[in-house]
Amino acid sequence: MRQLFRILHSLACYNPPGSISDFDLCKFWAAEAYRTLGDRLEGKEERKTTDTELRAIAIKHFALLEQQKMPTRAGRPFFCHFCGPSLDELSFQEVEKLENLKPTLEAFIAEFNEASKAAQLSIPMFSYMVEQTVKVNRAIQQPFSNVILVGVEGLGKLALSRLALQICRF
């Protein structure tokens, strides 16, 4: 039930510019389903069954055309709520290229560094860090959610967490 709530919550947050096509809504729904359920699946057989069921639902309820490809793996495509031309005009949208988020994230880092005198962020924004920032931010945004960052000391877990909190305006 909790996973269904998370998928529905994300669907309620989705506000792309312009109208939403069936394919875009289906792509978002499938990406959220994979993101939410993916880490709970054990083995190839469960993943294959889930993929088959999601495709069947997409074809039945979204009138998905066979030529259009549905996401097939968790985390792709990415959706986040800090897409937009400036920090004042952010919305929850699909991230077509991770490189497009770098200027926005760098602006959030600069904003954090201006506001905080005690701690300064210096995160190199290469693709992997952008991807991890999106994931941590999405976890923080979900109601009743949590995240654990595991890794050796010095990988930037604290800086990544501070950046994600800055994006959420906490």
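For the reader, a short list of remarks on this structure follows.
- All Cα-Cα separations within the stretch 82-123 were binned at 5 Å from zero, giving a P(r) of 5, 23, 26, 20, 15, 9, 2, each value a whole percent of the pairs.
- Under the Karplus curve 6.51 cos²θ - 1.76 cosθ + 1.60, θ = phi - 60°, whole-Hz ³J(HN,Hα) for the stretch 131-136, x wherever Gly or Pro sits: 4, 5, 4, 4, 5, 5
- Less than 5 angstrom separates the built amide H of F78 from those of V95, all sequence-distant by 5 or more or on a different chain.
- Positive-end extreme of charge dipole, the stretch 104-170 - chosen from F144, Q166, V130 (charges on Cβ): F144
- Using the Karplus relation 6.51 cos²θ - 1.76 cosθ + 1.60 with θ = phi - 60°, the per-residue 3J(HN,Hα) values for the stretch 6-11 come to 5, 5, 5, 4, 5, 4 Hz, with x marking Gly and Pro.
- When peptides 138-150, 92-104 are ranked by their average number of other Cβ atoms within 10 Å per residue, the highest-first order is 92-104, 138-150.
- Residue by residue, the stretch 165-170 carries 3J(HN,Hα) couplings of 5, 5, 5, 6, 6, 8 Hz when phi is fed to the Karplus relation 6.51 cos²θ - 1.76 cosθ + 1.60 (θ = phi - 60°); x denotes Gly or Pro.
- Between C83 and S91, Q93, the built amide H atoms are under 5 Å apart, and every one of these is 5 or more places off in sequence or on another chain.
- Between E89 and S127, the FRET efficiency estimated from the beta carbon spacing at R0 = 35 angstrom works out to 0.90.
- Pairs from K27/K102; K44/K157; K135/K157; K97/K135; K44/K97; K102/K157 whose Cα-Cα separation, in the structure shown, is over 20 Å: K27/K102; K44/K157; K44/K97
- With Cα atoms as the point set, the radius of gyration and Dmax of the chain evaluate to 17.2, 55 Å.
- Mean ellipticity per residue at 222 nm, deg cm²/dmol - from DSSP H runs of n ≥ 4 across the chain, formula -39500 (n - 2.57): -17000 deg cm²/dmol
A short reminder: the numbers here are calculations on the coordinates, not readings from a lab. Here the structure is a predicted model, which means the values were calculated and not measured. Glycine also receives a Cβ, built like all others from the backbone with ideal geometry; neighbour counts cover every protein chain displayed.
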